[in-house]
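Enquirer: Provided herewith is a single structure, encoded as structure tokens, for subsequent inquiry.
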């Protein structure tokens, strides 16, 4: 295969020819594009602009002051802390789960895959309640925890646990299909060449899944910082102590402090935009990589 | 390094992949494991490599038991069917991998690794592609890189799983001749798996014919081809016609028309095998030793002309003849001819098919 063909295989889906037979007339095309544009404008762009407009309604000075206010600042720090614990924990969990599911056959594998999806399926409020029932004062483990002076519910550990729970499918779901598709052969090759388990993981497996992993981390992080329902149940809304950014926004809003509410909300909106940008960059980048080339070439069948 | 497998049995669930297999491979030989899919040949290769472990049995390298050693400890070179090159590494890095992952005390210096990889690159004639990624190589080039990568660690034996299976016909032919030459130069004990009898017969010093988890025959290419031990070997190593036959007083009869005049101890009904090129087409009957057939199809593309005919008792017959003979006879479709078997094969312990 020449270099030119290899490159043309980069993204077979994107380069799939649109033949005359499968394309529609200009009227249909404009109509469909128009519907999508109106929909996006009304439900996405307009609200997003409203967030920033309301946040800056009383000028930049008020905006900055709203963010520097101690309770807002405490909420930001708590959100960063929760994400800083939840994301690495889910990277480890996601890698382990994807590895186990992708590389081995074992009893209960399909049940495990279903369980990983559970946080997507169940309402976040219910996940929060489960923790309250488990760790709360009247909960199953409550007396035991109280005896050892450990506080989980209405405290930071509860918020971290709830965040981990609602975000744990992200990394695993991203990696499972990737690892399954790649199979065992490269690892087997590394093994016969004398590599140890760790060498195989860091030199062969990880480079092959790094873009998928990063993608999962980005999505996981966005969710960890934005989570409302589950955290709301376990947090107790103690100002300056157990309020995360989304909870703080709700409180401000309920108190009719619109400018500070939207100022803090604009942080989450910026995070969302940043996440989308990084996600697109990763997608673009992973297609430029030789690993992407290889995957595309393999889909075309053996050369 | 000789390889010895004794009493190897391997099951996958209810399926028996290998059934008490014994195999002895002398040092320095190039051996083919030949068989149809599901015959257990790849499983046997992977058990020798340590990528799969037998349910029972022993594997020895040079007489020492390595059954419980991992693939990492066995120091085998393994070439995978789909190459399994590290896709995020260049050709150079792929070949260097086995040297770079060695423990510090055994790892060659950087200059040593460079020299070794350059030597291997020149061996596989890809010096100027060392900075390419696997995706930027053709199938044949990838296969050669996979081979160089396996050889870089100076393996004790070289194992190749369907090494030419994924290549197109012309590249396959070139590459297998190249492998044969390479083996003649470096004399490393090598085992390759194939389902292509032509490939096995052309490349290997010795062919191991496998079927349904057992070894049917082991021998030099001419031995297994000319003296097949079982009907399976005879059928697998080339096209063949099967006829109902009868043996009466040491004479083999095809159907009941043709006297084959071939001595055997067997009596009664049997299956008679005839290779297509041992059937001769004539326009005139040849004493008693012939049967009648009608020509149905002629394919004269290639070195041999392939004729499909229907015998007088209604079964299809494949015949091969030289282009020269074909021109002399001037055969046409739907023509009635006489067919004389010049050489037939009967297996002593086989009832009629």
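The values are calculated or read from the model by the stated rules, or taken from the named source; none is laboratory data. For clarity, every value in this text was computed on a predicted model and none was experimentally measured. Reconstructed Cβ throughout: ideal geometry from the backbone, glycine too, with neighbour counts over all protein chains shown.
Enquirer: Please indicate, with yes or no, whether at least one residue in the range B:5-20 is away from chain A (no Cβ under 13 Å), over 21 Å from residue B:214 (Cα atoms) and without any contact (Cβ under 8 Å) to a residue 40 or more places away in the chain. First the steps, then the outcome.
Expert: First pass over the range B:5-20, keeping only residues away from chain A (no Cβ under 13 Å): B:5-11, B:14-20.
Next, only the ones that are over 21 Å from residue B:214 (Cα atoms) stay: none.
No, the range B:5-20 contains no residue that is away from chain A (no Cβ under 13 Å), over 21 Å from residue B:214 (Cα atoms) and without any contact (Cβ under 8 Å) to a residue 40 or more places away in the chain.
The rows are residues; the columns are (1) farther than 19 Å from residue B:101 by Cβ; (2) within 14 Å of chain B (Cβ to nearest Cβ); (3) crowded, with 20+ Cβ neighbours inside 10 Å.
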site: A:201; (1), (2), (3): no, yes, no
site: A:211; (1), (2), (3): yes, yes, no
site: A:215; (1), (2), (3): yes, no, yes
site: A:218; (1), (2), (3): yes, no, yes
site: A:224; (1), (2), (3): yes, no, yes
site: A:227; (1), (2), (3): yes, no, yes
site: A:232; (1), (2), (3): yes, no, yes
site: A:235; (1), (2), (3): yes, no, yes
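Enquirer: Are any residues in the range B:317-349 part of a strand (DSSP E or B) and free of Cβ contacts under 8 Å to residues at least 24 places away in the same chain, and if so, which ones?
Expert: B:322
Enquirer: Another question, then. What helices (runs of 4 or more DSSP H) completely inside the range B:117-203 contain at least 3 residues that are under 30 Å from residue B:232 (Cα atoms)?
Expert: On the way: elements: B:139-152, B:169-186, B:197-203.
Hits in the range B:117-203: B:169-186, B:197-203.
Enquirer: Of the conditions (1) farther than 27 Å from residue B:164 by Cα; (2) in contact with a helix residue (DSSP H, G or I) (Cβ under 7 Å, 6 or more places away or on another chain), residue B:33 clears all except one; give me its number.
Expert: Tallying (1) farther than 27 Å from residue B:164 by Cα; (2) in contact with a helix residue (DSSP H, G or I) (Cβ under 7 Å, 6 or more places away or on another chain), residue B:33 fails exactly one: (1).
Enquirer: Could you run through the range A:238-249 and say how many residues are surrounded by fewer than 18 Cβ atoms within 10 Å (Cβ to Cβ) and under 26 Å from residue A:57 (Cβ atoms)?
Expert: At the first step, the residues of the range A:238-249 found to be surrounded by fewer than 18 Cβ atoms within 10 Å (Cβ to Cβ) are A:238-241.
Restricting the remaining residues to those that are under 26 Å from residue A:57 (Cβ atoms) gives A:239-240.
Total meeting the criteria: 2.
Enquirer: So, residue A:261, is that one at pLDDT 85 or above, farther than 19 Å from residue A:87 by Cα, surrounded by 20 or more Cβ atoms within 10 Å (Cβ to Cβ) and touching a helix residue (DSSP H, G or I) at 6+ places or on another chain (Cβ under 7 Å) or not? Spell out the reasoning first.
Expert: Working: at pLDDT 85 or above: yes; farther than 19 Å from residue A:87 by Cα: yes; surrounded by 20 or more Cβ atoms within 10 Å (Cβ to Cβ): yes; touching a helix residue (DSSP H, G or I) at 6+ places or on another chain (Cβ under 7 Å): yes.
Here the answer is yes, as residue A:261 does meet what is asked.
Enquirer: Tell me the helices (runs of 4 or more DSSP H) entirely within the range A:27-116 that contain at least 1 residues that are farther than 27 Å from residue A:168 by Cα.
Expert: A:46-55, A:60-68, A:70-103
Enquirer: Return the only residue of A:67, A:48 being farther than 24 Å from residue A:165 by Cα and not assigned by TED's automatic domain parsing to the domain that holds residue A:248.
Expert: Values: A:67 fails: not assigned by TED's automatic domain parsing to the domain that holds residue A:248.
Checking each option against the conditions leaves just A:48.
Enquirer: For the range A:276-289, does any single residue satisfy the condition of being modelled with pLDDT under 85 and at positive phi?
Expert: Checked against the condition, which is being modelled with pLDDT under 85 and at positive phi, the range A:276-289 yields no hits at all.
Enquirer: Looking for whichever is surrounded by 20 or more Cβ atoms within 10 Å (Cβ to Cβ) and over 24 Å from residue B:4 (Cβ atoms) here; the options are B:167, B:173, B:159, B:179. Which one fits?
Expert: Details: B:173 fails: surrounded by 20 or more Cβ atoms within 10 Å (Cβ to Cβ); B:159 fails: over 24 Å from residue B:4 (Cβ atoms); B:179 fails: over 24 Å from residue B:4 (Cβ atoms).
Only one candidate qualifies: B:167.
Enquirer: A follow-up question, please. Before we move on, is residue B:222 away from every other protein chain (no Cβ under 14 Å), under 14 Å from the mean Cα position of the chain (by Cα) and surrounded by fewer than 20 Cβ atoms within 10 Å (Cβ to Cβ)? Working first, answer last.
Expert: On the way: away from every other protein chain (no Cβ under 14 Å): yes; under 14 Å from the mean Cα position of the chain (by Cα): yes; surrounded by fewer than 20 Cβ atoms within 10 Å (Cβ to Cβ): yes.
Against the criterion (away from every other protein chain (no Cβ under 14 Å), under 14 Å from the mean Cα position of the chain (by Cα) and surrounded by fewer than 20 Cβ atoms within 10 Å (Cβ to Cβ)), residue B:222 qualifies.
Enquirer: From the list B:108, B:36, B:26, B:134, which residue is within 18 Å of residue A:195 (Cβ to Cβ) and either more than 14 Å from chain A (Cβ to nearest Cβ) or loosely packed, with under 15 Cβ neighbours inside 10 Å (or both)? I'd like the intermediate steps shown before the answer.
Expert: On the way: B:36 fails: within 18 Å of residue A:195 (Cβ to Cβ); B:26 fails: within 18 Å of residue A:195 (Cβ to Cβ); B:134 fails: either more than 14 Å from chain A (Cβ to nearest Cβ) or loosely packed, with under 15 Cβ neighbours inside 10 Å (or both).
Exactly one residue qualifies, and that residue is B:108.
Enquirer: Please pick out the residue among A:204, A:125 that is part of a helix (DSSP H, G or I) and touching a residue at least 60 places away in the same chain (Cβ under 8 Å). First the steps, then the outcome.
Expert: Numbers: A:204 fails: touching a residue at least 60 places away in the same chain (Cβ under 8 Å).
Just a single option satisfies the conditions, and that option is A:125.
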